[in-house]
Structure formats: C-alpha cells, structure tokens
Number of protein chains: 2
Amino acid sequence: MSSIVVALGGNALASSEDPSGYTAEHQIAQIARTSAVLAEIIAGGQSLVIIHGNGPQVGNLLVKNDLARDVVPAVPLYWCVAQTQATIGMELTAALKRELAARGISVPVVPALTRVRVDATDAAFDNPTKPIGLVVSGDTPPDIPLPDTHAWRAAGRMRWQRVVPSPRPVEIVDTDTIAMVTDVGGIVVACGGGGIPVVERDGELVGADAVIDKDRTAVLLAKLVKARRLVILTDVDGVALDFGTDKQRFLDRVSVSEMGRYLESGQFGSGSMDAKVSAAIEFVRLTGESAAIGNLKQVRRVIEGRSGTSVVADPA
Amino acid sequence: MSSIVVALGGNALASSEDPSGYTAEHQIAQIARTSAVLAEIIAGGQSLVIIHGNGPQVGNLLVKNDLARDVVPAVPLYWCVAQTQATIGMELTAALKRELAARGISVPVVPALTRVRVDATDAAFDNPTKPIGLVVSGDTPPDIPLPDTHAWRAAGRMRWQRVVPSPRPVEIVDTDTIAMVTDVGGIVVACGGGGIPVVERDGELVGADAVIDKDRTAVLLAKLVKARRLVILTDVDGVALDFGTDKQRFLDRVSVSEMGRYLESGQFGSGSMDAKVSAAIEFVRLTGESAAIGNLKQVRRVIEGRSGTSVVADPA
C-alpha cells in the first residue's frame, strides 16, 4: 500500500509553551504525545513516512557553537542538522516503537540520517534569509565570526539574529534506508530538518552551510516513496485568507488552481505558511493526489481530511 | 559471507595530532583516509560491519552544554552520544560511498542510530570512572551542575575532569537497520560510541546519563551479525607486555588462554587497552573465531593478520 508522508513542524514538536527554551524533557514529552496518535493511525492500517522540522533545535546548537567557540571548535551547520536528525529521529522512533508494541504491532521503525543535495549555484547562498538561533541584543551585530554565506540581520531595535541560506532541495541523496524500510512495510523517519544539505563540488558531495525547508523536501520524499497523500502538520489550524485581519477565514478544501492563485496574490506572505502552501501545491500538481495542512494537535483528523485545509486536484 | 566487525577508535578517528582540538575539518580528513583503506578491503571481497568510538567528540559536546547552559538548555549525555553517531556515521558512510563508487562498487552504505541497553542496577552508576570532556583548572571543582551519576574528579594538581558511568552493554536494542543492510550485502556503521545508552524502567526504555565502552559493544555486535573476526583499531601498534618499561614487547599471536592470564595478572592496567583485550578475549571465547588489536594506520595489515596482536582460540 502506498504511504502517506507526514511532515511534523519543528516548532510544533518542540512545544512552544516550553518556558525553558526547548529542553530535551519537553521535546520528549511532545514527541510522545504525537507518537501515540501516529501509532493509532498506523494501527488503523495506514503506512506512514515521517519527516520533521528542526528550527528551534538547530538554533540551539548554533548558539552552543557560538558560546563555546574559544574552548572547543564550532562545527559546521550541516553537522548541527545531522545532530538534530539523530536526537529527534531517535526519540520519535523510540516513542513510535513503544506505542506500536503496546498495540501488538511489530514492524521496523527506523530513523534515517539523510543528506539532501542542493545546487551550489542556488541564489539563496548569496541571499541568506532563514533566521535561526537566539535573538541577541546590542548596538551592533554580535562579534561572532560567521561563515561567508551567513549574516547578522536586524531583528528589531538593537536586536540581531543570524540568517542562513535556505536553498531549494534538488535530490534526496541517501535513499537506501528509506527504500529498505518502506519495502518491508516499516516506518521510516527521514530527511529531518529538511535534510543534511550537501552540494556537488568537483564531482564530490560536500556539506553546505545552509538549512533546507522541510516542507519542500517533503515533496521530494513523497515523490520518492510514491505517496498517495502529503500531510503537513504545524501549530495553526490550517490555511487562512486575509490572515490576522477581521476578514480572516480558514480554507477547508481548495483546488490546486485556486490555491495557486491565492499564493500568487501574496496571501501567505513569505514566511513558513507560504512554504507549506507551495509544497502542497507542488505535490498535488506532480501527483494528482491531495495534500493537507493542519494542526499537529489534530493530526488524526487532518490525515483523515476532517480538519485543516485540503488541497485537491482540479476537477477534470 | 559472514562479516568482519571493525572497531575504530574515537581518538584515532579524530586525529590526536590536531592542535585545534578535533575540528570537523580534521575529523573529516582522518575519516577520508580510513575510508579509502576500508573501501580497498571491501573491494577485495570482505564484508565489513563498522563500529566507532566517540570519546573526544562526545567530550566536546558536553563542554558546549556546560558553557551555554545559562542561555540554552543542556541536553542529556545520551543525546550527545546520538549526536556523535550522526556526525561520525554520516561522514564515515559518505566517505565510504565515495571510495566504493570510485572502485565501481554500489552497495547500500548506511549509518544506523543504535540504542544499546545497559542494566539500571549496573554498579557503574554508583561509581563513575570514565573521564570525558576538558580538564578544567581551579582550586575546587568547577561550579557546573552535574547529573546525580556524574562527578568531578581530580586530574592532577588543581585540575578537574568529569567522570561518568560506563556500564556494561547488555543488548543492542535497534537491530532493524543492521539486519536489513547486512542481509543485502551492504555496509553498516552501527553502535557508534558504544551505543546510545538506555535502561529499562517500568517496562520502558529510557535514556541513561552514561557512556558505553565501544569495544565491549563490538562483541555484542559481532555476535549479532555472526562475525568471523573482530578487529579493534586504535592508535598503538598492538598489545604489549610490560608496557612502558625497558622489558616492553609487543605480542604477535596469542592463544585466548594465554591472553586471559596476562589480563588477570594486571598487565594492561585498567585503561582502554584492558577493555580492548577483554573484548578480544570475550569474542574468541564466545565464537572460537579470532580477534585482532592493531593500529588504525595499518588497518589493512591488521585485518589480514600481518600487523597488530591476534588472539586465537586455544589449540584443540
């Protein structure tokens, strides 16, 4: 049976209510709650392939790099992404295994460290836009050395945040584990954080100081596993028009052409909802299947199409 | 064909000549050199299962935790172990894939995040002995909060180092990837750093604030994959008697009983050579096959039994 690709938001996974700044304890508790619901869905006969974000987690690792840099060497950003694939992937698969075992289900549940290739000439490398890490106060940007492709950007009056390139994913490099696990009906957590970014240089793949939007990578992953549905889970209830105004209204079910027009008209700004809508549109256009965007807390209802926003193929 | 389990030392992998304290750049270069040789051995028809240490790498992550702890939350030690499995596993498999491709060989080469169960009642939890992280100067131990099972230990006059428990590995928990990859003749890097330590509590597996000796775990891994040889690679040329005295002599080929007597007589102290010799003895006793301990720089010759110390079954 073909799979559903489920994309879990990094913010949603890490519990934004955590006053202590994304402790391991809070992440584990949030992952446990999500895994219990995902296990129910798997027990109901669905085959899932899971991808997750890592924004807050990779941000914290960069801060540690910065604060410890005079004592132990900072590691490159793509190593930080790999580190978040390990911690989130491990906790997510451990929780899923536990929840599935409690339901008498024994299938491989495997985290896959996954590199994703981006284009070395992607314009994003000249124009870093993705903010990660803490906001730092000061008259001038912090005196912390950055890779060539990163920058400090003003984030309000006397406040600064690092921005990094977010190039478009081109190809999932490490597909062996994904293929082996899905072939035997197992559950794989892959492409975490959008994937560990690599570029081709002189015929070899080398790590890139960037991050990749996980919703964009989710489309590549859905294509790879021939998914019959893409479900993007976040911390809002769905896609809204005129968001934040008194005309705001949530979309229930929209054709891909209609959604494309909303996107082009600038309805979703240039933040994370814009990326999610683009990914949903791309998936529906590529496959003719449907996509959904909804709240992680309603994961079951979103997967079943009873909550959130569905993007469907145009009527024939 | 049954495999050879190759255990790569964390110090050896990270290049102890690196004056900058184990930068990513130096680790990658060292891994590239090792991978080229391992690829030659694979091209020669050997099937390898690889485990690696992580001492310097996990130490650096703990230091980052400590230095950034007032800004971003410290993560538990078992998360740090998972993070080193990700970075070393990714770089090692990437380099191996590249070297194998250059030799026209295309097999799955996969890093497996692996949890390893230890006993919650292991005496090591009351007696932390494994030093990790930087040595810190001061009249008194640093004012850095530690988990209950960790301690600061004097490391010379006015110098302190953290010690953590190193319980005995009982069982490899995450075996799915290892089995799938070895079944298709692929190469798997598993149980990095000795494995991500977990204990059973109320019927559930939870992370443990410990590290596991990777040579001990190598024996479990060798048993799991029914290896026909265990090869432990480090930064010395083999096992020596009367090490560091003017009577010092390296052992070439020793029966398991003879090596057992040397071990019991205290020849190898209680450091890392002691653990390697114990692991080699345990493997030979369990399987009747042979084990070897030798220099990573001589990896090919050690695997072939032409360098290092071989431990073989007693003559019938």
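What are the ³J(HN,Hα) values, in whole Hz, obtained from phi via the Karplus relation 6.51 cos²θ - 1.76 cosθ + 1.60 with θ = phi - 60°, for each residue of the stretch B:299-308 in sequence order, with x given for Gly and Pro?
Once rounded to whole Hz, the list reads 3, 5, 5, 5, 4, 7, x, 9, 8, x.
May I ask you to evaluate 6.51 cos²θ - 1.76 cosθ + 1.60, the Karplus curve with θ = phi - 60°, for each residue of the stretch B:44-50 and list the ³J(HN,Hα) values in order in whole Hz, giving x for glycine and proline?
Running phi through 6.51 cos²θ - 1.76 cosθ + 1.60 with θ = phi - 60° gives x, x, 7, 9, 10, 10, 10 Hz.
Which Rg and Dmax, in Å, describe the Cα atoms of the stretch A:229-316?
Just the Cα atoms of the stretch A:229-316 yield Rg and Dmax of 11.9, 36 Å.
Using the Karplus curve 6.51 cos²θ - 1.76 cosθ + 1.60 with θ = phi - 60°, what ³J(HN,Hα) values do you get for each residue of the stretch A:135-143, in whole Hz, with x for Gly and Pro?
Computed from phi, the couplings for the stretch A:135-143 are 7, 10, 8, x, 5, 10, x, x, 8 Hz.
Which percent, to the nearest 5, of DSSP beta bridges fully inside chain B are antiparallel?
The antiparallel fraction comes to roughly 45 percent.
Report the per residue volume, in Å³, of the convex hull enclosing the C-alpha atoms of the protein assembly as shown.
On the way: hull volume 107.8 nm³, N = 632.
Taking only Cα atoms, the protein assembly as shown has a hull volume of 171 Å³ per residue.
Over the Cα atoms of chain A, what is the Rg over Rh ratio if Rh follows Kirkwood?
On the way: Rg = 19.2 Å, Rh = 20.0 Å.
My calculation puts Rg/Rh at 0.96.
Run lengths n ≥ 4 of DSSP H only: what is the helix-derived mean residue ellipticity at 222 nm for chain B, with -39500 (n - 2.57) per run over all residues, to the nearest 500?
Helices in chain B give a 222 nm mean residue ellipticity of -11500 deg cm²/dmol.
Can you pull the one-decimal nm distance between simple spin-label points at B:Asp252 and A:Val170, each 7 Å off the Cα toward Cβ?
So the label points at B:Asp252 and A:Val170 sit 5.4 nm apart.
For A:Thr129 and A:Glu40, what does the FRET efficiency come to when R0 = 45 Å and r is the distance between their Cβ atoms, rounded to the nearest 0.05?
On the way: r = 38 Å, r/R0 = 0.84.
The pair A:Thr129/A:Glu40 has a calculated efficiency of 0.75.
Between the stretch B:210-254 and the stretch A:229-308, how many Å separate their Cα centres?
57 Å
May I ask you to list the trypsin sites (Lys or Arg not before Pro) in the stretch B:112-192 that are in a DSSP loop and have at most 11 other Cβ atoms within 10 Å of their Cβ? Could the numbers behind the result be given before it?
Working: sites: B:Arg115, B:Arg117, B:Arg153, B:Arg157, B:Arg159, B:Arg162; in loops: B:Arg157.
Counting only loop positions with at most 11 other Cβ atoms within 10 Å, the trypsin sites (Lys or Arg not before Pro) in the stretch B:112-192 are B:Arg157.
Run the quick spin-label model on A:Leu286 and A:Val206: label points 7 Å from Cα toward the beta carbon, then report their separation in nm to one decimal.
For the pair A:Leu286/A:Val206, the computed spacing is 2.8 nm.
So which of B:Lys223/B:Lys276; A:Lys97/B:Lys214; B:Lys64/B:Lys276; A:Lys64/A:Lys130 end up more than 21 Å apart, counting from Cα to Cα? Before the final figure, lay out the partial values.
On the way: B:Lys223/B:Lys276 16 Å; A:Lys97/B:Lys214 25 Å; B:Lys64/B:Lys276 29 Å; A:Lys64/A:Lys130 19 Å.
Beyond 21 Å between Cα atoms: A:Lys97/B:Lys214; B:Lys64/B:Lys276.
If you rank A:Thr309, B:Thr23 by fewest surrounding Cβ atoms within 10 Å, what's the result? It would help to have the intermediate numbers written out before the result.
Working: A:Thr309 24, B:Thr23 19.
In increasing order of surrounding Cβ atoms, one gets B:Thr23, A:Thr309.
If we count every other residue with Cβ under 12 angstrom of A:Glu99's Cβ, Lys/Arg +1 and Asp/Glu -1, where does the sum land?
Working: positive: A:Arg33, A:Lys97, A:Arg98, A:Arg103; negative: A:Glu40, B:Glu204.
With Lys, Arg at +1 and Asp, Glu at -1, the net is +2.
Can you list the distances in nanometres, one decimal and ascending, from the B:Ala313 label point to the identical position in each other copy, with the point 7 Å along Cα to Cβ?
Ordered by increasing distance: 6.2 nm.
So who's got an amide H within less than 5 Å of the one on B:Ser307, skipping anything under 5 residues away but keeping other chains? H placed 1.01 Å off N, in plane.
Those lying under 5 Å, H to H, from B:Ser307 are B:Val302.
Just grab the label-to-label distance for B:Arg306 and A:Arg159, each label 7 Å out from Cα along the Cβ direction, in nm (one decimal).
According to this spin-label approximation, the distance is 6.5 nm.
If r is the Cβ-Cβ distance from B:Arg103 to A:Ala32 and R0 is 51 Å, what FRET efficiency results, to the nearest 0.05? Show your work: numbers first, answer last.
Working: r = 45 Å, r/R0 = 0.88.
The calculated FRET efficiency here is 0.70.
Going by Cα centres, the stretch B:121-155 and the stretch A:157-182 are how many Å apart?
If you average the Cα positions of each part, the centres end up 37 Å apart.
Could you tell me what percent of the DSSP beta bridges with both partners in the protein assembly as shown are antiparallel, to the nearest 5? Can you show the working numbers first?
Details: 42 of 98 bridges.
The antiparallel fraction comes to roughly 45 percent.
When chain A is modelled as a GNM with alpha-carbon springs shorter than 10 Å, which of A:Val239, A:Val170, A:Val211 fluctuates the most?
A:Val170
Tell me which residues come under 5 Å, amide H to amide H, from B:Val173 once H is placed; ignore anything under 5 positions away on its chain.
Counting only residues 5 or more places away or on other chains, the set is B:Arg115, B:Val116, B:Arg117.
Between beta-carbons, use under 15 Å as the cut-off and find the net charge around A:Asn127, counting Lys and Arg +1, Asp and Glu -1.
Details: positive: A:Lys130, A:Arg153, A:Arg162, A:Arg168; negative: A:Asp119, A:Asp122, A:Asp126, A:Asp148, A:Asp209, A:Asp213.
Taking every Cβ under 15 Å from that of A:Asn127, the sum is -2.
Take the Cβ-Cβ distance between A:Asp237 and A:Arg261 as r, set R0 to 25 Å, and report the resulting FRET efficiency rounded to the nearest 0.05.
Values: r = 22 Å, r/R0 = 0.87.
After rounding to 0.05, the efficiency reads 0.70.
What does the structure give for B:56-68 when I average, per residue, the other chain Cβ atoms found within 10 Å of the residue Cβ? Could the numbers behind the result be given before it?
Details: counts 1, 1, 0, 1, 5, 6, 1, 4, 12, 2, 4, 8, 8.
Average neighbour count from other chains, rounded to a whole number: 4.
So which residue, out of A:Ile212, A:Ile178, A:Ile144, gets the largest mean-square fluctuation from a GNM of chain A using Cα contacts under 10 Å as springs?
Top of the fluctuation ranking is A:Ile144.
Only the coordinates and a few stated rules stand behind these numbers; no lab work does. Nothing here was measured: the structure is a model prediction, and the numbers come from that model. With ideal geometry, Cβ positions are generated from the backbone for all residues, glycine too; neighbour counts draw on all protein chains shown.
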